Each structure stands twice: as C-alpha cells, then as structure tokens.
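Only one structure is covered here, and it is reproduced in the block below.
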Amino acid sequence: MKKFALGVDIGGTNSVFGLVDEKGEIHFEDSVLTTLASTPTSLVHEIYNRIEEKTDLINDIYGIGIGAPNGNYYSGAIEFAPNLGWKGIVPLVKIFEQRFGVKAVLTNDANAAAVGEQLFGNAKDLTNFVTITLGTGLGSGIIIDNQLVYGQNSLAGEYGHIRVVPGGRDCGCGRKGCLETYASATGVVRSIQLYDSAYKASSGILTIESPKAEDVFRLAENGDVFCSEIIDYTAKILGEALAEFACFSNPQAYVLFGGIAQSGEDFAQKVKGFMEIGILNIYKGQIEIRISSLHDKNAAVLGAASLIRKELAK
Ligand SMILES: [Zn+2]
C-alpha cells in the first residue's frame, strides 16, 4: 500500500509541496520559487527531483492534489491565472501525471482549503459548509451535501466578486464594489485610505509606513478607535454578504481562513453579529462562524493533499 498523498500549492511567488499521510501528518515539506521555473514542466520536474533526492518516499506516493489560482477541476489546467508568469492554458494535471506516474487532480486554492478543513481541520463534523479564504483577495470553497461544488466550468464560488456596494471600490475584475475590495487583507488596507471617521487623524495607523491588515487588527486590540471602526466596517460588509449567501447554500457553518481570520474569535463574532442582523428568518441562529484550525499546520499543502484523497474515495 502506498502511503502518501503529494499536496502541491502553486502560488504566484512560491510553490509549496509536501507528503501527507492518512492522519494529516506532513512527512516531508519543501518549496520552490515558482518564478524561477521558466515553464510549468520544469517546476514539476524540480518538485520530483527534490522529493527523490531528499527522501526515499518517491515510490510511496499514491496520488497528487494540486491547488492553484484559476485551477480548473474539469480540464486539469490552470487557465489564464493573472498572478502566475505562465500565460494561456497550462495542462498541469497532465504534466504531473506524466512525471510521477500516478493520478493527479487540480482545483483552485479555496476549494482545496475547504476539503482540507473537512478532512483535517475544523469542519470534520460538517457536510454543509463554506470556507471563506481571506487573503489578498476573497475566495470560497463550497461543500454542500458533502460534495465540493464546481459548477459548469469549475468556476462556482467566486464570492469575492459578488458586488456588495453599488458603485463601490474599483476591483481587479474591472467592476466596482466587489466583496473582496472590502473584506480581504487588501480591502482592510484600502479602508485605511478610504474609510472616513472622526478618529482618523489621531490613529496610530497613519504613522506606520505601508501598513498591513495585521497592523489594523493589532492597533484595534490596543484601543485605537479608528482601527476598531475599520474592523467593524469590514465585519459588517462580510457578515451581511454571508447572510445573503445562505440563501443559495444553506450551510451549517462558514469557516474563515487566512490572515484576517487568524486575528481571532473577536472578528469572527463580529461577523456573526452582523450576519444575524437581517438574515432571512429561516436561517436565523442556524449558522456558525468558525475559524480554520489549519493555520498552524501547512494548510495549503494539507488542503491540496486532501483533494486527491477525496477524489479517490469517490
Ligand atoms: Zn471583482
């Protein structure tokens, strides 16, 4: 019996990979600079060589799960990912399968996070939930009736681009007012410039050069009123959006994942509070907001490895 799933998380800068056993223990982990690989094939070969050189486990891999921006489950290809140097359609599954000689499966990083949460994280008891990834943007992985929802073109769950503020902030997608322009690490930083408050002038955040979302959370914790207002504003927009999403997914829980979520129970409770205000009656008090428990471990690698597990268990 081969023991390990290879989980690969392809990022714009770094690609992380690891060998994961059935308990979710990572036995070997490494990373390569995505930007150094001139072609996807050279990246895959580099990953293979690293595992072969540094472990004796290359023949113990039974399958490969890959999480990548714009990863298409059906075609097994990355399609026009804006943050990757490779252009056009990259048949990643085929390249991995040819090099490793085992089955591979691809999806986007938010879907991988959802499956990882269900197998190894804070959603083990759930068959209906949505993972919301709060990073540079906002992504979502929807598991309904214990199935990952892909949709016709593997594009389901683009919650980050649901418009929540008519005529609001410019989004990278070319439209205005998308959820991720408010509720994401980038959105929080934009709020520093754009959110107006009587307390703004006295805020410590204005003294920090290139402040990050975590600076806002840290200062809020220390009593900075302006930063607290930004967090409330972010939680309100996210909470109200999650209330609407309930209408088409009827989840038991939303699991918040990523840097902002990691800031803690406080933010999660605020999001829940705003979600409950004005949510459709039939959902009131029915939906939990949980925080991912995968932060400390390598969530991306675990999530990607979980994909192939779930796929082979079908
Ligand atoms: Zn957008």
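For this structure, a couple of remarks:
- The C-beta contact set for segment 180-193 (first residue in the same structural domain as Pro211 (by TED's automatic domain parsing), second residue within 16 Å of the ligand (Cβ to nearest atom) and aromatic (Phe, Trp, Tyr), distance under 9 angstrom, 6+ apart or interchain) comprises Glu180/Tyr159; Val188/Tyr182; Arg190/Tyr182; Ser191/Tyr182.
- A single entry from Gly187, Gly223, Gly204 fulfils the requirement of being touching a helix residue (DSSP H, G or I) at 6+ places or on another chain (Cβ under 8 Å) and more than 16 Å from the ligand (Cβ to nearest atom): Gly204.
- Test set (1) of a type in the set (Gly, Ala, Ser); (2) touching a residue at least 40 places away in the same chain (Cβ under 8 Å); (3) buried (at least 21 other Cβ atoms within 10 Å of the Cβ) - Gly85 fails condition number: (3)
- Leu148 meets each of the listed conditions (1) touching a Lys or Arg at 6+ places or on another chain (Cβ under 9 Å); (2) loosely packed, with under 14 Cβ neighbours inside 10 Å; (3) not basic (Lys, Arg) apart from (2).
- Tally, over segment 98-128, of residues that are farther than 26 Å from Phe245 by Cα and without any contact (Cβ under 8 Å) to a residue 12 or more places away in the chain: 2
- Cβ-Cβ contacts under 6 Å between residues 6 or more apart (or on different chains), taken from a first residue in segment 196-223 that is closer than 17 Å to Lys270 by Cα to a second residue that is part of a loop (DSSP other than H, G, I, E, B) and modelled with pLDDT under 95, are listed as Phe217/Ser263.
- Inclusion of Glu214 among residues that are part of a helix (DSSP H, G or I) and touching a Cys at 6+ places or on another chain (Cβ under 8 Å) is not warranted.
- Scanning segment 155-180 for residues that are crowded, with 16+ Cβ neighbours inside 10 Å, out of contact with any Ser or Thr (no Cβ under 6 Å at 6 or more places or on another chain) and on the phi > 0 side of the Ramachandran plot turns up just one, Gly177.
- Residue list for segment 162-175, filter: within 19 Å of Lys236 (Cβ to Cβ) and within 8 Å of the ligand (Cβ to nearest atom): Arg163, Cys171
- When Ile230, Ile260 are checked against the criterion of being assigned to a helix (DSSP H, G or I), among the β-branched types (Val, Ile, Thr) and modelled with pLDDT of 95 or more, a single residue qualifies: Ile230.
- Boolean, Leu138 is under 30 Å from Ala268 (Cα atoms), in contact with a His (Cβ under 9 Å, 6 or more places away or on another chain) and buried (at least 24 other Cβ atoms within 10 Å of the Cβ): yes
- When Ala268 is tested against the conditions (1) within 22 Å of Asp145 (Cα to Cα); (2) within 17 Å of the chain's Cα centre (by Cα); (3) free of Cβ contacts under 8 Å to residues at least 24 places away in the same chain, the lone failure is (1).
The values are calculated or read from the model by the stated rules, or taken from the named source; none is laboratory data. Keep in mind that what you see is a predicted model, and the values were worked out from it rather than measured. Quick reminder, even Gly has a Cβ in these numbers, built from the backbone with ideal geometry, and neighbours come from all protein chains shown.
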